[in-house]
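Comments concern the structure below.
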Amino acid sequence: MKIFVEMAKCENHGQCAISAPNNFELDSDGNLRYQESFGEEDLHDIEDAIDSCPLQAISLDRDPTYA
Amino acid sequence: MAQEPETLHLDISSEYFRMDSEEVRKARSIHWYARTDWGMAVLSYEDSSFLLKHPLLTQGSAKWPAQHGVTEGHFDRWWQKTLLVLEGDEHNRIRRLVNPAFSPRRIQPLHERFRSLANSLIDDWVGVGKTEFASRFAAPYATRILCMILGIDERDWKKIHQLASTIGLGLGITIQENIARIDEAIAELTRYAKFLVRSRRQSPRDDILSTLVETRDTDDGKLSDQELINLIILLIFAGIDTTRNQLALSVEAFSKQPDQWEKLAANPDHYAAKAVEEALRVNPIGRWISREAADTIQHKERTIEKGTTLHLFTLTSATDPAAFDNPDRIDLDAERAPHFAFGGGIHHCLGHFVARADIGIALSAMATRMKDLRVEEGAEWLPDSGNTGANKLPITFSRRF
Ligand code: HEM
Ligand code: SF4
């Protein structure tokens with residue numbers, strides 16, 4: 001599975017970085033940076049980030065190569 | 001030295017000041033900010049969007065009671081520990097624990113209850129073609145929805161509404177003369193909240209409060225009883241008057257554009273969400289979002305000194321012609337950039353999915369049953385600054401069925 005953020009929707013509120021700091025952060029210009037791949041131990045935090053995003057811009061995409 | 005750009009001064013504390021005015025439009029066309037007696041007023045969309053989420057611009061409300069002579073007591077102690085005022089790790093730890101309980105997924109199952117509440121309130125007066133909207137719809141609707149979330153008996157709504165209004169006085173400039181009543185209301189809500197937390201710990205239900213009571217995280221532990229009590233009072237403080245007034249402001253905005261009201265009525269499932277966004281864009285309850293510079297920052301040509309207060313004007317930024325076509329009109333078919341009526345960054349409104357859902361359901365229920373909506377003489381509006389709204393809103397309409 002991979003993290004996917006619809007960047008056209010993202011407004012850089014950073015709620016995702018509060019929920020899942022290992023996977024999302026705001027850079028020094030305040031823009032979202034995130035890692036697509038993640039470890040199983042972060043899954044719960046990432047699900048919280050998906051719930052928390054005010055723009056509902058985050059989803060988990062199943063990587064077709066592992067389907 | 002670069003020449004200082006010309007900026008206008010806006011008299012935002014005057015009773016004649018209007019957000020939707022030529023004066024403000026002119027100030028916005030001249031420069032991205034204007035001066036006020038209470039700090040900078042940020043006017044343009046682009047600059048509001050950037051500054052709203054700036055990490056060195058904090059919420060800045062912590063000092064509000066002290067600035068108005070209140071330095072102790074129940075209200076002050078509660079205020080200093082609310083999410084709205086906390087910053088950094090202390091804020092983020094709580095926010096992270098509570099966010100999931102307010103997600104669209106968790107709100108969805110409540111939609112049917114919102115709808116039957118809306119329809120039952122409308123039933124009471126739809127036959128007579130007129131009502132006083134603030135007390136006959138907005139107040140009971142907004143308060144009873146908060147009761148549903150917290151699992152409070154809805155028959156107690158008048159009491160809760162009264163307590164919410166009293167603690168709301170804590171945001172007024174008359175806080176000091178009202179502080180005894182305000183402190184008493186906080187004490188009463190604290191007792192009530194303690195009882196709610198205790199009863200949900202013993203026997204969980206399917207309300208959001210039960211979800212919050214059960215929340216646990218391997219890193220951040222769980223919410224303590226004190227944190228839960230503070231949060232319950234904050235939800236009552238932040239969720240009722242805002243929604244109540246936003247309903248009135250939405251009705252006012254749509255009464256001026258019957259064509260868009262008809263569009264909503266013809267296809268509420270399709271247009272409800274847009275209707276809410278457009279109402280919040282052109283007529284938001286929070287006329288500005290406040291920020292305070294925690295450190296000196298440079299933005300464009302302007303050095304913003306540490307301690308400077310900024311008011312990010314919501315209606316003004318969300319009707320900026322640089323970012324929106326035909327900006328002052330509600331257009332349910334337009335693709336619009338997001339407005340900032342719910343603030344942004346780490347303090348972005350926690351309850352926005354609740355508010356968006358319940359306002360959309362209320363507007364749809366009204367549009368499908370009422371046409372020719374008009375605001376009549378005798379409306380009592382709050383000042384057009386800070387948090388605005390209507391204490392009285394007489395409306396007339398014709399019934400569709
Ligand atoms: C139309 C209705 C509403 C509007 C316009 C509104 C607006 C806002 C705004 C502007 C803020 C501050 C954001 C910032 O400083 O960037 C805020 C914060 C907050 N709101 Fe709302 N609100 C509404 C309804 C609600 C409801 C229904 C609830 C609860 C169920 C709620 C709970 C909160 C809380 C807890 C905060 C503090 C969040 C934090 O500081 O982390 N609001 N809201
Ligand atoms: S919470 Fe959503 S909008 Fe905010 S930075 Fe993360 S992805 Fe973007």
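The values are calculated or read from the model by the stated rules, or taken from the named source; none is laboratory data. Because the structure is a prediction, the values reported are computed rather than measured. Counting neighbours? That spans all protein chains shown, and the Cβs are built from the backbone with ideal geometry, glycine included. Keep in mind that these areas ignore ligands, DNA and RNA; they rest on the heavy atoms of the full protein, side chains included. Shrake-Rupley method; radii C 1.70, N 1.55, O 1.52, S 1.80 Å.
Counting just the residues of the range B:30-57 that are away from chain A (no Cβ under 14 Å) and open to solvent by 30 Å² or more (accessible area, probe 1.4 Å), which one comes out nearest to A:Cys10 (Cα to Cα)?
Ranking the candidates gives B:His31 first.
Go through the range B:259-311 and give me each residue that's touching a helix residue (DSSP H, G or I) at 6+ places or on another chain (Cβ under 7 Å), hydrophobic (A, V, I, L, M, F, W, C) and open to solvent by 40 Å² or more (accessible area, probe 1.4 Å).
B:Ala273
Pull up the range A:22-31, narrow it to residues that are over 19 Å from A:Met1 (Cβ atoms) and away from ligand 1 (no atom under 16 Å from the Cβ), then point me to the one that is least open to solvent (accessible area, probe 1.4 Å).
Per the criteria, the residue is A:Asp27.
Within the range B:51-60, does at least one residue satisfy the condition of being of a type in the set (Lys, Arg) and in a loop (DSSP other than H, G, I, E, B)?
Yes, the range B:51-60 has at least one match.
Which condition breaks for B:Arg93 when tested against (1) within 14 Å of another protein chain (Cβ to nearest Cβ); (2) crowded, with 20+ Cβ neighbours inside 10 Å?
That leaves (2) as the condition not met.
Considering every residue within the range B:257-270, establish whether at least one is within 20 Å of B:Gly351 (Cβ to Cβ), touching a residue at least 40 places away in the same chain (Cβ under 8 Å) and more than 16 Å from ligand 2 (Cβ to nearest atom).
No, the range B:257-270 has no match at all.
Looking at B:Arg205, B:Arg200, B:Arg155, which one is basic (Lys, Arg) and more than 18 Å from B:Val98 (Cβ to Cβ)?
B:Arg155
So in the range B:98-116, with the set limited to residues that are open to solvent by less than 10 Å² (accessible area, probe 1.4 Å) and more than 11 Å from ligand 1 (Cβ to nearest atom), which one is farthest from the other protein chains (Cβ to nearest Cβ)?
Residue satisfying both the conditions and the ranking: B:Phe114.
Those residues that are within 12 Å of ligand 2 (Cβ to nearest atom) and open to solvent by 20 Å² or more (accessible area, probe 1.4 Å), I need them from the range B:343-353; list them, please.
B:Ile346
With respect to B:Ala27, determine if the residue is surrounded by 20 or more Cβ atoms within 10 Å (Cβ to Cβ) and more than 24 Å from the chain's Cα centre (by Cα).
Yes; evaluated as a whole, the condition is true for this residue.
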